[in-house]
Amino acid sequence: MKKPFQNAIVLPIIVAIAVAAVVFTVKSRAPLEHEDSQLPEKVVEVITVRELPFRSRATAYGHVEPAVLLKARAEVSGKISYIHPSLKQGGSLPKGTVVLRIEPTTFEFSLDQSQAGLAGSQSSLKQLEAEEKSTRRSLALARKNLKVGQKELDRIKAIWEKRLIARSVLDAEEQKVILLRQQVEDLQGKLAAYTSRKSATQAQIKQSKTQVEQTKDTLGRTEISLPFDARIGTVSVEENEYVQAGSQLFEASGTQAVEINAQLPVSHFRPLVRSLQQGSVDLQNPVDLQTEIAKWDLQARVYLVGGSQGAEWQGKLLRISESIDPVRDTVGLVVAVNNPYEGIVPGERPPLLKGMYTAITFLTAPKPSLVIPRKAIHQGRVYVATEEQKLAIREVKIRSLQGELAVIEDGLKTGEKIIITDIIPVIEGLPLKLIQATEYEQELLNLAAGKNL
């Protein structure tokens, strides 16, 4: 009985002592010091947001075509009597060069006949004029004779009335006056006929002159000369070959300029034009349309696809195609390049020849805009480095995207610094160590201004 009693007393005492020890330990322990946990700094590259001279641009593609193309056809039938030695495909000839003749003998004979007919008609007219002049003199003389004869008849009639002469004398005098009057009337009729005869002869002369001019024109068409400095294309005839009027002879391209009908996707054309003008354009008025195109002041840089990077030509936008290509959904922009044969560097800068495939980059005039790198945008947000060098996540409104660039409409201010390198993890308020990307800022400026394309 003694042992259980002892256990009942000892156990509570042990528990009480243990509890007291724990309480004493807790109360006597120094208070815990809590350390503030801080994220490590992230090293990032930043650029300063500025308004840059931004040039909207778009690239179109098209083949080179001559601005002036001559497809020479025979205007008369005949045998080819002469072909210029350089009238061969790929040849170059200056303006005014006689390149081909068709045998002119038949047309020369026809011209001689026409000129002879004209000379005969002109001679007939001169003869009629001389006869008319002579008839007028004869008529004037006949009228004088009639006047004298009438006076003599009146005198004879007065004497006869006094019965101083016989009736036969009066009758004879009257017969003379009748003959004189008949002579005057004949001459008047003859003179009147000269007017119609001269009119007929003059009409014949006019017809003969027309025939002569037509024959000369036809004769001139037997000789073909170049109306401009030209590169020769396909030659379809040979010397001594007989050709019919309308037959194809050769093709020649002007060397002063070429044109490129560059096809630009409509989706690229709209933002390009939107950045150029704010008002409306009347496309039905060609004057307004051409005036508006001139106001656009688009710079066109022409490059050969697959060619040397240093080969570049300056073009000029002439007109816009009348319709949209329904298959490719493109609009045609016709660009002219003047003097495509100048500045040739063998192996680097060839002449712009018919059929070459080119890329044309259109650039607008510079316009101040908030331009940032496209890579700095993350699902519509930009990482901004605050003045306290902390990370801030900013929503931005994008006006347009162009290659590696983005034009910001709202959400950023000039002078702010944006991060252009990747950050992991992306936490608002993350401490940053900033490195100013000065070289990249210059590169961004060049890209925005359309340099180093």
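The values are calculated or read from the model by the stated rules, or taken from the named source; none is laboratory data. Predicted model, so just to flag it, every value in this text is computed and none were measured. Counting neighbours? That spans all protein chains shown, and the Cβs are built from the backbone with ideal geometry, glycine included.
Structural remarks
- Which numbered condition Val68 fails, given (1) surrounded by fewer than 13 Cβ atoms within 10 Å (Cβ to Cβ); (2) closer than 30 Å to Lys316 by Cα; (3) of a type in the set (Val, Ile, Thr): (1)
- Residue list for the stretch 151-208, restricted to those being among the hydrophobic types (A, V, I, L, M, F, W, C), within 27 Å of Ala116 (Cβ to Cβ) and surrounded by 12 or more Cβ atoms within 10 Å (Cβ to Cβ): Ala193, Ala200, Ile205
- Look at the stretch 119-132: where a residue is assigned by TED's automatic domain parsing to the domain that holds Lys198 and under 13 Å from Lys209 (Cβ atoms) and a partner is modelled with pLDDT under 90 and in a helix (DSSP H, G or I), sitting 6+ places away or on another chain with Cβ atoms under 9 Å, you get Leu125/Lys198.
- Residue in the stretch 52-65 that is in contact with an Asp or Glu (Cβ under 6 Å, 6 or more places away or on another chain), within 30 Å of Gly90 (Cα to Cα) and either at pLDDT 60 or above or of a type in the set (S, T, N, Q) (or both) present: yes
- Residues of the stretch 356-370 satisfying the condition of being polar (S, T, N, Q) and touching a helix residue (DSSP H, G or I) at 6+ places or on another chain (Cβ under 9 Å): Thr364, Ser369
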